[in-house]
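> Just dropping this structure here.
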Amino acid sequence: MLTGMTGFGRAQLRYGKIHFTLQMSSVNHRFFEVVFHIPGSLIYLEDKIKHYLHKRIKRGRITLNLSVSGNLCSKASLDKELAKEYFRAVCALKKEVSLSGEISLAQLSAMPGVLSPQESVLPEEVIWPRIEKLLISACDNLSRMRLKEGEAIEKDVLSRLGKINTKLLFINRKIPVVIAQKCKRFGSSGISSEETNAAIRNCDIAEEVTRLAFHGKSFAAKIKNNRRRVPLGKELDFITQEMQREANTMGAKAQDVHLSAAVIEMKSQIEKIREQIQNAE
């Protein structure tokens, strides 16, 4: 069984007058990576969040957005020195340009940085259980999408393996015919038996066919026996590389138009399998 790497999860939670919203999206990536977009007051939770996610997700780039809204203001902050600086600057400007008028308290307190709300910082023992609950819910949603993608990938690659096996059966039946034709042609051309045998060995692809068939069976077995959905993406990608190598050798050695056409079709299917496996965890 395969798991994909693309998914989306969302969860919401209310605590008193505070509203939390957590959104996560994942895309394929060679390793595990988390990109955080969370309030500055909660940055200290990044390691805990990452540790939890890595227990659930082994590969992929995760983008996590956490927003906190509601009544977080516990008190107002007044910068008296800054207010005095504004007042002195305005008085100096008033005198320099000979303007009349008075600066009001409302105008002064509206100056940037003079009066600002201070958000209350919730202690970790209060905030983390709520964040963890959000993570569990969002991860469950994201995992369901990744599992569905994995099922689609599995169905596609196993279907393509079936097409490869069909071509391998054709090639196996065709090889003795091609070799017999070459033996007959070389025999009538006056070429020595040693040269004939060397030419036959150079175009005999039976060994490559056997190895490619073995890799295909190994690939399918690893998927079907993976009931615990252990990440297989990297291992399966390696197997497809080996399949490509065998197919390339077959293509170079096959000296028959029908064999060459079958090999080209197999190489196309292997390449498509590898493209799909790039999206498997």
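Throughout, read-outs are computed from the coordinates displayed, never taken from laboratory work. Everything numeric in this text was worked out from a predicted model, so none of it was measured. Cβ placement follows ideal geometry from the backbone for every residue including glycine, while neighbour counts extend to all protein chains displayed.
> Select from LEU22, ASN65, PHE32 the residue farthest towards the positive end of the dipole of segment 14-87; place +1 on Cβ of Lys and Arg, -1 on Cβ of Asp and Glu, and compute about the Cα centre.
PHE32
> Let me ask something else. Dipole of the chain (Lys/Arg Cβ +1, Asp/Glu Cβ -1, origin at the Cα centre): which of PHE170, ILE264, GLY251 lies farthest to the positive side?
Checked the options; the winner is PHE170.
> How much net charge surrounds VAL90 when only the other residues with a Cβ under 13 Å from the Cβ of VAL90 are counted, with Lys and Arg +1 and Asp and Glu -1?
+1
> For PHE32, what residues show an amide H to amide H distance below 5 Å, using hydrogens built from the backbone and excluding near sequence neighbours?
GLY60
> Considering the options GLY233, SER109, LEU161, tell which one lies farthest towards the positive end of the dipole of the chain, charges being +1 on Lys and Arg and -1 on Asp and Glu at the Cβ, about the Cα centre.
Comparing the listed Cα positions along the dipole, LEU161 ranks first.
> Right, another one. What's the FRET efficiency of SER260 with LYS184 using the Cβ-Cβ distance as r and R₀ = 22 Å, to the nearest 0.05?
0.65
> At 10 °C and 1.306 mPa s, grab the translational diffusion coefficient of the chain from Stokes-Einstein with a Kirkwood Rh over Cα pairs, rounded to a whole number in µm² per second.
Reported coefficient: 64 µm²/s.
> First measure r as the distance between the Cβ atoms of THR63 and LYS155, then evaluate 1/(1 + (r/R0)^6) with R0 = 25 Å and state the FRET efficiency to the nearest 0.05.
0.35
> Still on this structure: Take segment 119-159, drop everything but the C-alpha atoms, weight them equally and run the Debye formula without solvent; then report log10 I(q)/I(0) at 0.20, 0.24, 0.35 Å⁻¹ to two decimals.
After summing over all Cα pairs, the log10 values are -0.68, -0.78, -1.02.
> Further question on the same structure: Quick check on the exposure proxy: order GLU149, GLU242 from fewest to most C-beta atoms within 10 angstrom.
GLU242, GLU149
> Follow-up question, since we're still on this one. Over what distance in Å are the Cα centres of segment 142-161 and segment 122-138 separated?
32
> Further, regarding this structure: Under the definition of Cα pairs under 8 Å and six or more residues apart, what whole-number percent is the relative contact order of segment 73-118?
Reported relative contact order: 70 percent.
> Here's another thing I want to ask about it. What's the exposure ranking of LYS217, LYS58, LYS167, going from fewest to most Cβ atoms within 10 Å?
Ascending Cβ contact count within 10 Å gives the list LYS217, LYS58, LYS167.
> Give me VAL230, VAL263, VAL90, VAL126 ranked fewest to most by other Cβ atoms within 10 Å of their Cβ, as a rough exposure proxy.
VAL126, VAL230, VAL90, VAL263
> Could you please tell me the mean projected area of the C-alpha convex hull for segment 148-277, averaged over all directions and given in square nanometres to one decimal?
One quarter of the hull surface, i.e. the mean projection, equals 8.0 nm².
> LYS80: which lysines have alpha carbons under 20 Å from its alpha carbon, excluding same-chain residues fewer than 8 sequence positions away?
none
> So, one more: What's the extension gain from SER41 to ARG227 if we count 0.36 nm per residue and subtract their Cα-Cα distance?
Length gained, SER41 through ARG227: 62.8 nm.
> Moving to a separate point now. Any idea what the dipole of the chain comes to, in debye rounded to 20, about its Cα centre with Lys/Arg Cβ at +1 and Asp/Glu Cβ at -1?
880
> Quick one: grab Rg to one decimal and Dmax as a whole number for segment 73-118, Cα atoms only, in Å.
Every Cα atom of segment 73-118 included, Rg and Dmax give 12.4, 42 Å.
> Taking the Cα centre of segment 4-98 as origin and charging only Cβ (+1 Lys, Arg; -1 Asp, Glu), how large is the dipole, in debye to the nearest 20?
The dipole of segment 4-98 has a size of about 360 debye.
> Still on this structure, I have one more. What does the charge dipole of segment 73-118 about its Cα centre add up to, to the nearest 20 debye, if the Cβ of each Lys and Arg holds +1 and the Cβ of each Asp and Glu holds -1?
About 80 debye.
> What does the net charge come to around ILE153 if you take all other residues with beta carbon closer than 14 Å to its beta carbon, with K and R at +1 and D and E at -1?
Surrounding charge for ILE153 is +3.
> Each residue of segment 206-219 in turn: what ³J(HN,Hα) in whole Hz from Karplus with 6.51, -1.76, 1.60 and θ = phi - 60°, glycine and Pro shown as x?
Once θ is set to phi - 60°, the couplings for segment 206-219 become 4, 5, 5, 4, 4, 5, 5, 4, 4, 4, x, 5, 5, 4 Hz.
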